[in-house]
Amino acid sequence: MNYKILMNNIKCFVFDVDGVLTNSMLHVTTSGELLRQMNIKDGYVLKEALNQGFNICVISGGKNEGVRERLRNLGVTDIHLGISDKVEVLKEFCDIYQIKMEEVLYMGDDIPDLYPMKLVGLPTCPQDACAEVKAISKYVSHQKGGEGAVRDVIEQVLKVQGKWVV
């Protein structure tokens with residue numbers, strides 16, 4: 001099935017952090033702090049999706065509180081860090097908001113994302129995702145993680161649904 005057709009039904013975006021909202025690189029300071037880099041254009045479109053009434057959920061195995069603060073500042077409230085079972089969190093999130101799995105776009109990039117991606121209506125990934133994730137994705141962005149992949153998928157959904165700003 002054409003992924004653009006599936007985009008018509010999307011009500012919710014779920015994103016991993018490292019390799020999706022960030023570029024997979026960690027800057028390690030001398031004190032041992034792990035710094036991540038996020039894309040400003042991804043941030044803009046996350047806010048726009050929220051303004052258009054979409055639910056956004058972030059589920060990550062990472063525990064960086066700076067990531068939580070950045071996402072909160074954008075208006076994202078469903079932020080789950082330090083998660084080992086992403087499927088459980090995804091199911092709970094969908095139950096709380098009464099969202100059907102086929103209404104979810106999930107963007108992941110590595111092995112921990114495989115299982116939740118298999119449950120949703122539109123599994124997607126950045127261009128630089130691992131081969132196993134690419135194989136099950138119904139859409140592979142032309143952008144890398146942390147370099148506009150999130151902007152790409154949200155903008156496409158908003159355009160397909162006639163909700164893009166222009």
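The numbers here are math on the coordinates, done by the rules we state, and not lab data. The structure displayed is predicted, hence computed values, not measured ones. Neighbour counts run over all protein chains shown; Cβ positions are idealised from the backbone, glycine included.
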Can you give the alpha-carbon Rg of the chain over 2.2 N^0.38 Å, where N counts its residues? 0.95
Show that you can apply the helix-only estimate: for the chain, add -39,500 (n - 2.57) for every DSSP H stretch of four or more residues, divide by all residues, and state [θ] at 222 nm to the nearest 500. -10000 deg cm²/dmol
Debye intensity ratio in log₁₀ form over the Cα atoms of segment 79-155, taken at each q of 0.11, 0.12, 0.22 Å⁻¹: -0.26, -0.31, -1.02
Rank-order 121-133, 152-164 by packing density, defined as the average count of other C-beta atoms within 10 Å over each peptide's residues, highest first. 121-133, 152-164
With ILE99 itself left out, Lys, Arg at +1 and Asp, Glu at -1 over residues whose Cβ is under 12 Å from its Cβ give -2
Under 13 Å from a point 7 Å along the Cα-to-Cβ line of GLN161: which residues of segment 55-79 have their amide N that close? 55-57
For the pair GLU92 and LEU50, the simple spin-label estimate (label points 7 Å beyond Cα toward Cβ) gives in nm 2.1
